[in-house]
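Notes follow once the structure below has been shown.
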Amino acid sequence: MSTPSADVSVRIAWSDDAEAIAAIQARAWATSYAALVPAAGDLRQADFAQLWRDALSHPADARHRALVALERNRVVGFAITTPATDPDCDPVTDGELMEFTIDAEERGKGHGSRLLQAAVDTMVADRFTRSVTWLVADDDELRTFLTEAGWGPDSAYRTLDLDGSGSTQVRQVRLHTTLA
């Protein structure tokens, strides 16, 4: 007798996924940036949904891909892969994990590992040989997850000006990995 298993998967995102991705992103940003930007806690799904619909319907490049992690038919996380955008990277051979978010309530269930593997497989299929990603410097949970998966710091860092005034800045560090 077999035991029941969870219905989980990862697939390319569809424009119909825009609302679900936007909801996850709004919740994640409200948590990640609440200490930096007081209004981050007020972000709404609607603030992101149209942007996601447009991006999913008309990607900027054939190698700009959005993936979603699913439990049954419910989106529980998303990842974006693109050619690397940093000036010290080669966009032909270097990919970028531009976004990687698992809904906070869904962490620890294997969705992140499946989504990360699918993102890496997607970048390999797009013929990238290396990948980079940026994360908030004090996001120890994501840094630990990625380093345990084989990503490592490469000493690059940057400071983002979140509101354009110079008063709300976030420091990010870059991780990289070789793609097999």
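Every read-out reported here was derived from the displayed coordinates using simple, explicitly stated rules and does not represent laboratory data. Predicted, not measured: the structure shown is a model, and the values here were computed from it. Positions of Cβ are generated from backbone atoms using ideal geometry, with glycine treated the same way; all protein chains shown enter the neighbour counts.
Positive contributions from Lys and Arg (+1) and negative ones from Asp and Glu (-1), summed over other residues with Cβ under 13 Å from the Cβ of Asp121, come out at +3. Residues with beta-carbon under 15 Å from that of Pro59, excluding Pro59: net charge, scoring Lys, Arg +1 and Asp, Glu -1? Result for the local shell: -3. For the chain, the spread of Cα positions along the three principal axes, ordered from largest to smallest, is 60, 38, 33 Å.
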